[in-house]
Amino acid sequence: MAAGSTADYIRHHIQNLTFGQHHDGSWGFAHSAEEAKEMGFWALNVDTMGWSIFLGLLFLWLFRTVALNASIDRPGRWQSCVEIIVEMVDGSVKGTFHGHNPLVAPLALTLFVWIFLMNLMDLVPVDWLPGLFGIFGLHYMKVVPTTDVNATFGMSLSVFALMVYYSIKVKGPGGYFAELAFHPFGPKLLFVNLPLELVSLIAKPLSLSLRLFGNLFAGELIFILIAAMYSAGLVLGVVGGFLQIGWAIFHILVITLQAYIFMMLTIVYLSQAHETHDSH
């Protein structure tokens, strides 16, 4: 594969299927990265949205099926798997979250499984689904929602909104402001404390989203680079096959770990939001 065609191949696979308004006022799908950029802020990455919703519904369906068919005497393999996941999340919440909020455990479970399923799409060969949807005239199809920074930011901002909400609810507006303004150096250094705490506050959703996005995007890019080796001759194609298997096995750890880290940081942040000054 020539250098130019390799670059085009990579650019094609990292481009989202974007729907928005063209410069002439018409609405439709972007046919290039430049068109997608021209559509501006309100453009919609249809593939990210579609796969996210599909995998969310898959999560709900799978867990609901287990709940409806649960058996104490003869638990099936999937029921045992779900029970292990639920016990792991429940143990993580009990060991980390020190407040009293019935929302935290279901939220943690949802985030872990949903993000895991989205990450898991990275193990689908990079040409399969884009090729399938290409039959229907769709020029682009990214099937790993967590490789789109819009998706990871959406989840992290939702967690951030919950952090702020519960901080104000538990501590009161005055207590929350005092936490931001009077720590760690006391009231006399308010103008030092406040910028430091605001930077720390803003860094939480940034780190939460960019960590997940960066790891999954890098993993996807490696799969694309390995796939590009298949058209570079027999020897490189065989090497690429072994590399793909090895990277896929290692990537299973990355997929699981990143979902777990996102869940754990969410629990930690919400636990901090429920802590009062007296509990520090």
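Read-outs: derived from the displayed coordinates by stated rules, not from any lab. Keep in mind the model is a prediction, meaning the values are calculated, not measured. Cβ coordinates were reconstructed from backbone atoms using ideal geometry, including for glycine residues, and neighbour counts include every protein chain displayed.
Sort 91-102, 13-24 for me by packing, meaning the mean count of neighbouring Cβ atoms within 10 Å per residue, highest on top. Don't skip to the answer; put the middle values down first.
Numbers: 91-102: 13.7, 13-24: 16.5.
Result, highest mean first: 13-24, 91-102.
Once the piece of chain linking LEU253 and LEU210 is laid out straight, how much longer is it, given 0.36 nm per residue of separation minus the C-alpha distance between them? If you can, show how the numbers build up before the last one.
Values: separation 43, 0.36 × 43 = 15.48 nm, distance 1.84 nm.
Between LEU253 and LEU210, full extension yields an extra 13.6 nm.
List the chymotrypsin sites (Phe, Trp or Tyr not before Pro) within the range 173-246 that fall in a DSSP loop (any state other than H, G, I, E or B) and whose Cβ has at most 15 other Cβ atoms within 10 Å. Mind dumping the intermediate values first?
On the way: sites: TYR176, PHE177, PHE182, PHE185, PHE191, PHE213, PHE217, PHE223, TYR230, PHE242; in loops: PHE185.
Listed in order of number, the matching sites are PHE185.
What is the angle, in °, between the Cα long axis of helix 190-228 and the longest principal axis of the Cα atoms in the chain? Nearest 10 is fine, range 0 to 90.
Once rounded, one gets 20 degrees.
Once fully extended, how much extra length lies between LEU60 and ALA218, figured as 0.36 nm per residue of separation less the alpha-carbon to alpha-carbon distance?
Details: separation 158, 0.36 × 158 = 56.88 nm, distance 2.85 nm.
Difference between extended and current length: 54.0 nm.
Using the Cα centre of the range 47-279 as the reference point, and only Cβ charges (+1 on K/R, -1 on D/E), how large is the resulting charge dipole? Debye, rounded to the nearest 20.
Working: 10 positive and 13 negative charges, 40 e Å.
Here the range 47-279 has a charge dipole of around 200 debye.
Whole angstrom only: what separates the Cα centroid of the range 141-167 from the Cα centroid of the range 86-138?
The range 141-167 and the range 86-138 have Cα centres separated by 12 Å.
Provide the gained length on full extension for the span LEU198 to ILE14, in nm with one decimal, where the gain is 0.36 nm per separating residue minus the Cα-Cα distance. Spell out each step's value before the answer.
On the way: separation 184, 0.36 × 184 = 66.24 nm, distance 3.37 nm.
Taking LEU198 through ILE14 to full extension adds about 62.9 nm, to one decimal.
Quick one: how many lysine pairs in the range 47-279 have C-alpha atoms under 27 angstrom apart, if they're 8 or more apart or on different chains?
9
Can you give me the distance in nm between label points at LYS37 and HIS23, each placed 7 Å from the Cα along the Cα-to-Cβ direction?
Simple spin-label model gives 1.2 nm for this pair.
Spin-label point model (7 Å from Cα, Cβ direction): what's the LEU129 to LEU157 distance in nm?
Between LEU129 and LEU157, the label points sit 2.3 nm apart.
To the nearest 10 degrees, how steeply does helix 149-182 sit against the main Cα axis of the chain, on a 0 to 90 scale?
10
Simple spin-label model, 7 Å along Cα-to-Cβ: ILE53 to LYS169 in nm?
That separation, rounded to one decimal, is 2.8 nm.
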